[in-house]
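Below: the structure, in structure tokens.
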Amino acid sequence: MDVWRITLAALRRWYVLLPLLALTGVLALQAGDRVAPEYEGQAGAMITPERVQGEVANPYGSITNANEALGIVLNSVDSRRTIVEQGLSASYEIGVASRSTILQVSVRADSPEVAVATGQAVLDLAAQELATRQTEAGLPPEAQYTLAILDPPAVTAIVNTGSVRVQAVVGILGAGLSLLVAVLFDDIVGLWKRARAKGARRSAKRAREEKDTAEATEAATEAAVEDPAQPSSSTVDEHVPATDEPETPRPRDLPRRRSEPAAAGPHGPKGNGNGHTDHAGLTTASPSINSALINTNEWVWPGDQGLEEALEAAEEPRRRRNPFFDPEFTKRQLQKKSKRTDPPASAEDESTSGTTTSSGAARRP
């Protein structure tokens, strides 16, 4: 995440960021008030030359070298440890200018008494260091460098840098945490909104699918209610495929030969006893109804049925089995044949055709 996105997130969630920043400010002030102020003390001294010339050389060399050496010794770890062992503050600094005999002491302590006592202890340690090193070199006190106090230790200022430092740390950490919380809150809200939008899209899609399904079902129901008697082509193809046998028509609707009696029932005898009727005669008479029905001289129809009715009853199964069947051609051929003069059938033949056992199969002679 770059700075621009963080800035935008913080601006969007200002109602989260601003209260957290205000809380951070309050905590920083309270933390600064709890830190005690520091007292700063100052002291000044100067190294004075010897009063008489010594018989041996001074171990410090010149007086300026003595001042620089004394600053190094007082800033050492051993000197600070010595000051701390006395219960004083180790926060002091020794200021020594180059080629100068002036020694500056700066002390910081939690109380003014400690600040003054620490400055005095540092000056005493400096005087002791000068006397000890020159005495060990064999110089009498009159030939030694001494330390003269120019400015006795005193408290010069009250420093609140400690509280300010604490406030700065608390403020920076609090501001960083506030910004982090605001950005995380923005990310969480964004994830929640995206999840909610995704769920809404899913619900809308599910509702559309259910609506489409309901409309399709309603349309199918309305179509079935409006036209229940007309099956669809798919239904016909499913139940009566082109390769299956056609539905068997009623025996009285089939034509028969003159030499064959009528089918069993109210219009003819019950058959010849071999289990065959006119039902299967039309099917087995010829591979094509066209060729089977052209020679009308050899076929008769029941008394209660005409030529067109017999054709319609016979051509429907054939139409389902053979889509290339042309009933109009068959009708024209039958009408042409019927115009021809045929010899009348004798009464004997008619009686014979009425008594002859019907096998149910329309065969050509």
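Expressed as a whole percent, the accessible area of region 1-102 that falls on carbon and sulfur atoms is 60 (1.4 Å probe).
Each of Asn67, Val84, Val56 was scored by the projection of its Cα onto the charge dipole of region 49-89, and the greatest displacement toward the positive side belongs to Val84; charges sit on the C-beta of Lys, Arg, Asp and Glu.
Per residue, the accessible area of region 22-86 comes to 58 Å², computed with a 1.4 Å probe over protein heavy atoms only.
Using heavy atoms of the protein chains and a probe of 1.4 Å, the accessible area assigned to Tyr92 is about 0 Å².
Remark on Val159: its backbone amide H falls under 5 Å from those of Glu38, Tyr39, Glu40, a criterion applied only to residues 5 or more positions apart or on other chains, H modelled at 1.01 Å from N.
A full extension of the chain between Ala22 and Ala224 corresponds to an added length of 65.4 nm, given 0.36 nm per residue minus the alpha carbon distance.
Bridgeable lysines around Lys331 (alpha carbons under 24 Å apart, same-chain partners fewer than 8 residues away excluded): Lys339. Mind grabbing the base-10 log of I(q)/I(0) for region 25-166 at q = 0.17, 0.18 Å⁻¹? Debye formula, identical points on the C-alpha positions, no solvent, two decimal places. Results for region 25-166 at q = 0.17, 0.18 Å⁻¹ read -0.90, -0.97. Here the Karplus relation 6.51 cos²θ - 1.76 cosθ + 1.60, evaluated at θ = phi - 60°, turns the backbone of region 136-148 into coupling constants of 5, 7, x, 8, x, x, 5, 9, 9, 7, 10, 10, 10 Hz, with x for every Gly and Pro.
The values are calculated or read from the model by the stated rules, or taken from the named source; none is laboratory data. On a predicted model such as this, the values are computed, not experimentally measured, just so you know. Heads up, the Cβs are rebuilt from the backbone with ideal geometry, glycines too, and the neighbour counts pull from every protein chain shown. Side chains included, ligands, DNA and RNA excluded: accessible areas come from the protein's heavy atoms. Shrake-Rupley method; radii C 1.70, N 1.55, O 1.52, S 1.80 Å.
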